[in-house]
Amino acid sequence: MYFDPSGNLPIWILIAAIMLLTPVGGYALNATITQASYLSHLVASIWDEDIRHDMNLINWNPFNTNESLVIQSRKISYYKGAVVYRTNMNASAGFGGIILLSNKVNDNTHGHLHLRHEYGHVIQSRWLGIGTFGIIIGIPSIISIITDPGNHHNKWYERWATSLGQ
């Protein structure tokens with residue numbers, strides 16, 4: 001009622017605030033990334049045998065809940081509505097989708113725990129929204145990895161991600 005009494009505030013500012021600071025933006029980001037990825041994987045599977053293998057493994061189900069099938073993937077997979085990209089980078093991440101290490105999570109025990117933890121970050125980004133997640137979890141997490149890598153998983157936001165992903 002008293003948000004914009006003069007009526008001069010552009011509507012795009014309100015829309016931007018909703019998208020950046022609320023779950024609406026978090027869920028919209030996740031849905032957009034998942035849908036765009038799914039479509040690109042559909043097309044890429046025509047030429048890429050690994051992508052075709054990975055998608056056949058989960059029966060082309062973007063809401064796959066079988067962690068073992070995700071761990072068996074070569075390049076990509078989907079887990080509970082989030083795209084999972086396999087990588088050889090030095091770290092995994094979860095924000096709208098999941099980047100999962102290929103060389104360190106091929107065993108079932110560690111792989112399942114790692115996947116669940118990163119999925120917990122996806123849930124955080126959905127619940128908090130894009131900007132809020134970036135400010136209170138994303139930036140502190142990057143700083144923690146750089147400045148205190150041995151203690152990174154003991155931070156409150158990392159413990160929260162682990163509990164959400166279970």
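Only one entry of ASP48, ASP54 meets the criterion of being on the phi < 0 side of the Ramachandran plot and touching a strand residue (DSSP E or B) at 6+ places or on another chain (Cβ under 6 Å), and that entry is ASP54.
Suppose we filter ASN66, ASN30 for residues that are among the polar types (S, T, N, Q) and in contact with a strand residue (DSSP E or B) (Cβ under 7 Å, 6 or more places away or on another chain); which single one remains?
Values: ASN66 fails: in contact with a strand residue (DSSP E or B) (Cβ under 7 Å, 6 or more places away or on another chain).
Going through ASN66, ASN30 in turn, the sole match is ASN30.
In this structure, ILE76 does not satisfy being closer than 30 Å to VAL24 by Cβ and surrounded by fewer than 17 Cβ atoms within 10 Å (Cβ to Cβ).
Pull up region 43-52, narrow it to residues that are part of a helix (DSSP H, G or I) and in contact with a helix residue (DSSP H, G or I) (Cβ under 9 Å, 6 or more places away or on another chain), then point me to the one that is surrounded by the most Cβ atoms within 10 Å (Cβ to Cβ). Even if it seems obvious, please write down each step before you answer.
Within region 43-52, the first condition is being part of a helix (DSSP H, G or I), and the residues that meet it are 43-44, 49-52.
Pick out the ones that are also in contact with a helix residue (DSSP H, G or I) (Cβ under 9 Å, 6 or more places away or on another chain) and you get 44, 51-52.
Details: ALA44: 16, ILE51: 21, ARG52: 16.
If we take residues in region 43-52 being part of a helix (DSSP H, G or I) and in contact with a helix residue (DSSP H, G or I) (Cβ under 9 Å, 6 or more places away or on another chain), then ILE51 is surrounded by the most Cβ atoms within 10 Å (Cβ to Cβ).
Of the residues THR34, THR22, only one is in contact (Cβ under 8 Å) with a residue 40 or more places away in the chain, under 24 Å from LEU128 (Cα atoms), in contact with a Pro (Cβ under 7 Å, 6 or more places away or on another chain) and surrounded by 12 or more Cβ atoms within 10 Å (Cβ to Cβ); which?
Working: THR22 fails: in contact with a Pro (Cβ under 7 Å, 6 or more places away or on another chain).
Of THR34, THR22, the one residue that is in contact (Cβ under 8 Å) with a residue 40 or more places away in the chain, under 24 Å from LEU128 (Cα atoms), in contact with a Pro (Cβ under 7 Å, 6 or more places away or on another chain) and surrounded by 12 or more Cβ atoms within 10 Å (Cβ to Cβ) is THR34.
Only one entry in THR109, THR162 is at pLDDT below 90, over 20 Å from LEU39 (Cα atoms) and polar (S, T, N, Q), namely THR109. Against the criterion of being more than 13 Å from SER92 (Cβ to Cβ), touching a strand residue (DSSP E or B) at 6+ places or on another chain (Cβ under 9 Å) and hydrophobic (A, V, I, L, M, F, W, C), ILE123 qualifies.
Each row is one residue, and each column tells you yes or no for (1) modelled with pLDDT of 90 or more; (2) of a type outside the set (A, V, I, L, M); (3) touching a Gly at 6+ places or on another chain (Cβ under 9 Å); (4) exposed (fewer than 13 other Cβ atoms within 10 Å of the Cβ).
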position	(1), (2), (3), (4)
SER6	no, yes, no, yes
PRO10	no, yes, no, yes
ILE13	no, no, no, yes
ILE18	no, no, yes, no
LEU39	yes, no, no, yes
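Residues in region 1-53 that are touching a Ser or Thr at 6+ places or on another chain (Cβ under 9 Å) and within 22 Å of GLN72 (Cα to Cα): 4 in all.
Can you tell me which residues in region 2-42 are outside any helix (DSSP H, G or I), at negative phi and over 20 Å from the mean Cα position of the chain (by Cα)? Spell out the reasoning first.
From region 2-42, those outside any helix (DSSP H, G or I) are 2-10, 22; that's our starting set.
Subset that is at negative phi: 2-6, 8-10, 22.
Of everything in region 2-42, those that are outside any helix (DSSP H, G or I), at negative phi and over 20 Å from the mean Cα position of the chain (by Cα) turn out to be TYR2, PHE3, ASP4, PRO5, SER6, ASN8, LEU9, PRO10.
The values are calculated or read from the model by the stated rules, or taken from the named source; none is laboratory data. Note that the structure is a prediction, hence the values are computed from the model and not measured. With ideal geometry, Cβ positions are generated from the backbone for all residues, glycine too; neighbour counts draw on all protein chains shown.
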